[in-house]
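Here is the structure we will look at.
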Amino acid sequence: MQYTWQEITEIVKGKVFTGNGVCLLTQPAWDTRRIGDPAKTLFFALPGSHRQGSEFVHAAAKAGVRNFVVPDSFDVSSLDGCNVICVPDVLAALQDLAAYHRSRFTGPVIGITGSNGKTIVKEWLHQLLGEEFYAYRSPRSFNSQIGVAVSLLGIEPWHKMAIIEAGISKPGEMKRLWRMIKPNLTVCTHLGSAHDEGFENREQKALEKAELFKDADVVIYPGDSDEVKNAVQHCKRSQPLTKFISWGRNEGCGYRMLDEEYLKGFTRIKFIHRSTEHCLDIPFSDKASVENAMSCLCTLAALERWDASHVEQFRHLHALENRLAFTEGRNGNYLVNDSYSNDPDSLQVALDFMVRQQPDKPACVILSDMDQSDADKGRLSSQIADILKQKGVYRLLLIGEVLAAHKEIFTGFNTEYFIDTAALINSGRLDKISGEAILIKGSRRFGFEKIHTVLKKQLHKTHLQIDLEALRHNFRFFRNAVSPKTLIMAMVKAFGYGSGSFEVARTLQFMGVDYLAVAFADEGVALREAGIQTPIMVMNTGAEDMASRMQYNLEPVVFDEAGLLSMAQIAEGKEIAVHLELDTGMHRLGFLPGVLKDVAKSIPANVRVASLFTHLAASEDPEQDTFTLSQISQFSKAADAFEAVLGYAPLRHALNTGGILRFAEHGMDMVRLGVGLYGVDPRATQMADLKPVTTLFSSISQLHTLQPGEGVGYGRRSVADTTRVIATLPVGYADGLRRSLGNGNWHVLVKGRKAPIVGSVCMDMCMVDVTGIDCHEGDEVVIFGADNTVAEMAVCASTIPYEILTGISSRVPREYVGEG
């Protein structure tokens, strides 16, 4: 966006208090952690589910912001010298501005809705159409009431098309989104179970999503969904000029799918349109990708872009996982790989991600030309330079003729220019970079994946992928499950349940977690040295680590009087904060409830009790509910007695993940979020609302065809009387794949199909039966993930998910994806 203060006041129609009304505003913001150029930022004090946006106005002002939209109730006298607009509804004002900005855009707007697949369809359409149309698309999964508004405000004059996601969770929301988007073409991807709880039934949800169909020239929808078809029929009565295009497997679909054929490296979708059979090849084999590809094909057909050139591009579609992968590089570098898209919005997102994950390393950006119209390349280069300066980038390696032609704009950086990707790689320059955080950001035609290959550390072919966006999603789910006044303590012990303590802690700190908990003091010290400022509770501690605890402001757990007095004495009068653990039935550690009142009388003067807590022994088990409630009752009574003597009220917490899911009404002052944060439901089920955070990948090292009677592995424990194809994978029990999962007790996924482990699991390898699966050496294999979950694996191994996750060896590299 680019508006003067005077223009904005006219658009949002609020009560204006002007300090210095002469300014040009280009950046909307509502989060003080994401402010770019303060002088050009318009801050919207948006209300949240737990805190009011007005609480952050002064933090934004302190950061240099001077232009605000605030609620009528806000005291504007506290913003002396600032431009302030007071409105009844700040979100409505943001949406008014977005609707106005959309109204000035003359290119086609594609609106995408559906329960699943919105983001991947958006990204694929951008891959298929982006360069031809200079297409803009919503950043990340910005599809909410706020996200859609911010997305629309990102449309620039050079864009010739916009692709916007729209997501809803309850009735009435889509009308507000439609008022902003007003799409020329609407795509409904899929109607599933997501957000069912917000609607009376699926029919109501379909009708609500169909609000986005209003006044569209074309609507594309899944013809196999009865609910969506009914909603379409409803729309047809009031929209006789709209063209409706359906795809699916049922008779009557405009693009009727006949079959999928799994070939070497891709899937061939066979479909019929107007009595003629056609084929479409995609590099994926899962059902969701097939359906998403059909949504994209129908969109291209509606735009008159269904031709041989565009059909060929389907073979080269990229999975979302290729974006924003954070991995360890050679020479002490850390890499953020975003080598498949390039525009100012995604550049800013990627830089935010890199700075959050590696704030202490010098920032290096390897950047290619962006694919925009010739007339705007000078302005675009200036916009890029501004973003790089705001993020404190130190080194620039720029590739392409356009960036080289605007050298005068990129001053103030350590900058080098290269004509193409090969020139950079052949120069040897990449070998000389060390100890830096490197963002690899390029348009697809530049092939920046080659740069990533050169820079990355030679990885074990088995690696654990951690989805930081899924982590954020799970945190928000549990945040909303308890009272807004209840604090969240996140457990990042045991290397973050195998996911990496530093990276997880940084993401949680950014999300506003109230406390972190680690098992030992050295884990807390490492987090502090990595820049974590959030309060940290240490579960296991002693006198020997007192000095480091005090130096790094770590708060120990105390479970007996001797430990309490010892810590007070070693502190030598300095104030220390401690957490007292009560044993209400776990019988592991803790004060007994009956003695807690006496303990309160002997608390040393230099000891501040930060919290009282207890462990629930069986909160996930309904058969143990009477016992669990008795634990909570014992704890509450003991805490009341303790506070009466102590004279102040420490925080109270009892609920773990299972407790939050089943006893949220007993959230007290704080809850402790553990394995649920990583997408695991401790009740031995899997909630649809939780997203798996970890996926263990490997690859096929070698394929063997075994004849009847031939055995596999040590002891020849797998012998069959048929011909089999066996794949060897470079993952074994030294990596965390338990031996008990061999001999058919677990299956991996190859090309989306189950392949059982055969024979015994070896130290560094295992073998799987891929008979009938079209696979090849080097193909990716999922050991556990979204479709073969760690919870299911734990059942097969007669253990719990915690043990599986924490048992993944440190020799298995961690790769971080998503935009945590």
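If you take the residues in segment 212-227 that are in contact with a strand residue (DSSP E or B) (Cβ under 9 Å, 6 or more places away or on another chain) and farther than 20 Å from Asn292 by Cα, which one is surrounded by the fewest Cβ atoms within 10 Å (Cβ to Cβ)?
Only one residue tops the list, namely Asp217.
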Exercise. Regarding Leu335, is this residue more than 16 Å from Leu388 (Cβ to Cβ), buried (at least 24 other Cβ atoms within 10 Å of the Cβ) and in contact with a strand residue (DSSP E or B) (Cβ under 7 Å, 6 or more places away or on another chain)?
Worked result: yes
For this session: Could you pull out every one of the strands (runs of 3 or more DSSP E) wholly within segment 228-302 that has 2 or more residues that are closer than 28 Å to Gln204 by Cα and open to solvent by 50 Å² or more (accessible area, probe 1.4 Å)?
Result: none
Exercise. Could you count how many residues in segment 577-610 are open to solvent by 60 Å² or more (accessible area, probe 1.4 Å) and under 22 Å from Val525 (Cα atoms)?
Worked result: 1
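Let's see how each residue does on (1) in contact with a strand residue (DSSP E or B) (Cβ under 7 Å, 6 or more places away or on another chain); (2) open to solvent by less than 20 Å² (accessible area, probe 1.4 Å):
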| site | (1), (2) |
| --- | --- |
| Arg739 | no, no |
| Arg753 | no, no |
| Val768 | yes, yes |
| Gly772 | no, no |
| Asp779 | yes, no |
| Asn788 | yes, yes |
Problem set entry | Enumeration of residues in segment 544-574 that are more than 39 Å from the chain's Cα centre (by Cα), closer than 24 Å to His653 by Cα and of a type outside the set (Gly, Ala, Ser) | Asp560, Glu561, Leu564, Leu565, Met567
Exercise. Out of segment 577-631, which residues are of a type in the set (D, E, K, R) and touching a helix residue (DSSP H, G or I) at 6+ places or on another chain (Cβ under 7 Å)?
Worked result: Lys597, Lys601, Glu620
Exercise. Across segment 793-820, what is the total count of residues that are touching a residue at least 40 places away in the same chain (Cβ under 8 Å), out of contact with any strand residue (DSSP E or B) (no Cβ under 6 Å at 6 or more places or on another chain) and assigned to a helix (DSSP H, G or I)?
Worked result: 7
For this session: Within segment 563-576, track down each residue that is in a helix (DSSP H, G or I) and either in contact with a helix residue (DSSP H, G or I) (Cβ under 9 Å, 6 or more places away or on another chain) or open to solvent by 70 Å² or more (accessible area, probe 1.4 Å) (or both).
Result: Gly563, Leu564, Leu565, Ser566, Met567, Gln569, Ile570
Exercise. For segment 400-418, does any single residue satisfy the condition of being under 28 Å from the mean Cα position of the chain (by Cα), surrounded by fewer than 16 Cβ atoms within 10 Å (Cβ to Cβ) and without any contact (Cβ under 8 Å) to a residue 40 or more places away in the chain?
Worked result: no
Problem set entry | Residue tally, condition farther than 26 Å from Gly752 by Cβ and within 34 Å of the chain's Cα centre (by Cα), over segment 240-275 | 2
For this session: Could you please find all residues in segment 179-190 being open to solvent by 40 Å² or more (accessible area, probe 1.4 Å) and over 19 Å from Arg202 (Cβ atoms)?
Result: Arg179, Lys182, Asn184
Seminar exercise, completed: Those residues of segment 98-118 which are modelled with pLDDT of 90 or more and under 20 Å from Glu211 (Cβ atoms) amount to Ala98, Ala99, Arg102, Ser103, Pro108, Val109, Ile110, Gly111, Ile112, Thr113, Gly114, Lys118
For this session: Identify, from the list Asp779, Asp735, Asp774, Asp787, the residue that is of a type in the set (Asp, Glu) and over 30 Å from Lys457 (Cβ atoms).
Result: Asp774
Exercise. If we keep just the residues of segment 191-211 that are in contact (Cβ under 8 Å) with a residue 60 or more places away in the chain and surrounded by fewer than 18 Cβ atoms within 10 Å (Cβ to Cβ), which is farthest from Asn116 (Cα to Cα)?
Worked result: His195
Problem set entry | Filter result (touching a residue at least 40 places away in the same chain (Cβ under 8 Å), under 25 Å from Glu197 (Cβ atoms), over 22 Å from the mean Cα position of the chain (by Cα) and open to solvent by 30 Å² or more (accessible area, probe 1.4 Å)) within segment 127-177 | Arg176
For this session: Evaluate the following for Leu629: is it part of a helix (DSSP H, G or I), touching a Gly at 6+ places or on another chain (Cβ under 9 Å), open to solvent by 10 Å² or more (accessible area, probe 1.4 Å) and aliphatic (A, V, I, L, M)?
Result: no
Seminar exercise, completed: Scanning segment 305-325 residue by residue, the ones that are at pLDDT below 90 and out of contact with any Asp or Glu (no Cβ under 7 Å at 6 or more places or on another chain) total 6
Problem set entry | Residues of segment 635-690 satisfying the condition of being under 20 Å from Lys601 (Cβ atoms) and open to solvent by 50 Å² or more (accessible area, probe 1.4 Å) | Lys637, Asp640, Ala644, Val645, Gly647, Tyr648, Ala649
For this session: Please enumerate the residues belonging to segment 38-69 that are over 25 Å from the mean Cα position of the chain (by Cα) and of a type in the set (D, E, K, R).
Result: Lys40, Glu55, Lys62, Arg66
Problem set entry | Filtered residues of segment 553-562 (kept if in contact (Cβ under 8 Å) with a residue 12 or more places away in the chain and surrounded by fewer than 18 Cβ atoms within 10 Å (Cβ to Cβ)) | Asn553, Asp560, Glu561
Exercise. Can you spot a residue in segment 588-608 that is in contact with a Gly (Cβ under 8 Å, 6 or more places away or on another chain) and modelled with pLDDT of 90 or more?
Worked result: no
For this session: Specify which of the listed residues (Leu79, Leu46, Leu24) is under 30 Å from Phe477 (Cα atoms) and not aromatic (Phe, Trp, Tyr).
Result: Leu46
Exercise. In segment 34-82, what residues are of a type in the set (Lys, Arg), exposed (fewer than 13 other Cβ atoms within 10 Å of the Cβ) and at pLDDT below 85?
Worked result: Arg51
Exercise. Is it true that Gly81 is in a loop (DSSP other than H, G, I, E, B), among the small types (Gly, Ala, Ser) and on the phi > 0 side of the Ramachandran plot?
Worked result: yes
Exercise. So which pairs qualify, if the first residue must be in segment 265-281 and over 15 Å from Cys298 (Cα atoms), the second must be polar (S, T, N, Q), the Cβ gap must be under 9 Å, and the two must be at least 6 apart or on different chains?
Worked result: Phe266/Ser285; Thr267/Ser285; Thr267/Ser289
Exercise. Being more than 28 Å from Leu690 (Cα to Cα) and either modelled with pLDDT under 95 or in contact with a helix residue (DSSP H, G or I) (Cβ under 8 Å, 6 or more places away or on another chain) (or both), is that true of even one residue in segment 194-201?
Worked result: no
Exercise. Within segment 551-573, which residues are of a type in the set (D, E, K, R), at pLDDT 85 or above and over 17 Å from Met491 (Cα atoms)?
Worked result: Asp560, Glu561
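The values are calculated or read from the model by the stated rules, or taken from the named source; none is laboratory data. Being a predicted model, the structure only gives us computed values, none of them experimental. Quick reminder, even Gly has a Cβ in these numbers, built from the backbone with ideal geometry, and neighbours come from all protein chains shown. Side chains included, ligands, DNA and RNA excluded: accessible areas come from the protein's heavy atoms. Shrake-Rupley method; radii C 1.70, N 1.55, O 1.52, S 1.80 Å.
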